[in-house]
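Worksheet: the structure to be examined is printed underneath.
The values are calculated or read from the model by the stated rules, or taken from the named source; none is laboratory data. All values derive from a computational prediction rather than experimental measurement. Cβ atoms come from the backbone with ideal geometry, glycine included; neighbour counts cover every protein chain shown.
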């Protein structure tokens, strides 16, 4: 007969930074790392959308107690805006719903950056990792639901243009 209360896994502790690939959710990534290291406990500091790639901090064992301190720190994101297309999901996953031949110049883009820096109000898209009643907004949206996600105050420390091309601009925030 098995003993109750015995934890499964090894008492391994520390932080691991995973270069999460596109197509994998943060929870799935943590599960794979937990299995790989046979850790008793694992968690992540921040959520990356399944369509996003990037560094995902994963805490193992006793290090999970420090997750709140890491989560509250400043983060850097790099993203690309493709000009001339609007998609139903605000990302590459959804079908194109509108097209335009208009393209902003680099000077026009640079002139708008101050509007999006400092403390601003942001309304997250329907396809975001924000939880609504315990479920991710992107899961609800994929099921056809339209949810009311209120605008919230965020602080953007800096917003830079990394590259500007005819059909796209790469930003770092």
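Residues that are assigned to a loop (DSSP other than H, G, I, E, B), more than 30 Å from residue 166 (Cβ to Cβ) and at pLDDT below 85 do not occur anywhere in the stretch 24-31. For the stretch 56-76, the criterion of being touching a helix residue (DSSP H, G or I) at 6+ places or on another chain (Cβ under 8 Å) and modelled with pLDDT under 85 is met by no residue.
In the stretch 30-48, the qualifying residues are those that are out of contact with any helix residue (DSSP H, G or I) (no Cβ under 7 Å at 6 or more places or on another chain) and within 27 Å of residue 89 (Cβ to Cβ), and the one that is surrounded by the fewest Cβ atoms within 10 Å (Cβ to Cβ) is 31.
In the set (1) in the same structural domain as residue 143 (by TED's automatic domain parsing); (2) under 21 Å from the mean Cα position of the chain (by Cα), residue 31 fails one condition alone, (1).
Do you know which residues across the stretch 92-111 are surrounded by 11 or more Cβ atoms within 10 Å (Cβ to Cβ), under 21 Å from residue 173 (Cα atoms) and either touching a strand residue (DSSP E or B) at 6+ places or on another chain (Cβ under 7 Å) or without any contact (Cβ under 8 Å) to a residue 12 or more places away in the chain (or both)? 106, 109, 110, 111, listed by residue number. Among the residues examined, residue 170 qualifies as under 17 Å from the mean Cα position of the chain (by Cα) and assigned to a strand (DSSP E or B).
Can you name every residue in the stretch 156-173 that is loosely packed, with under 13 Cβ neighbours inside 10 Å and over 14 Å from residue 107 (Cα atoms)? Selection gives 157, 158, 167.
Any residue that is over 30 Å from residue 8 (Cβ atoms) and surrounded by 16 or more Cβ atoms within 10 Å (Cβ to Cβ) - is there at least one of those in the stretch 57-73? Among the residues of the stretch 57-73, not one is over 30 Å from residue 8 (Cβ atoms) and surrounded by 16 or more Cβ atoms within 10 Å (Cβ to Cβ), which makes the answer no.
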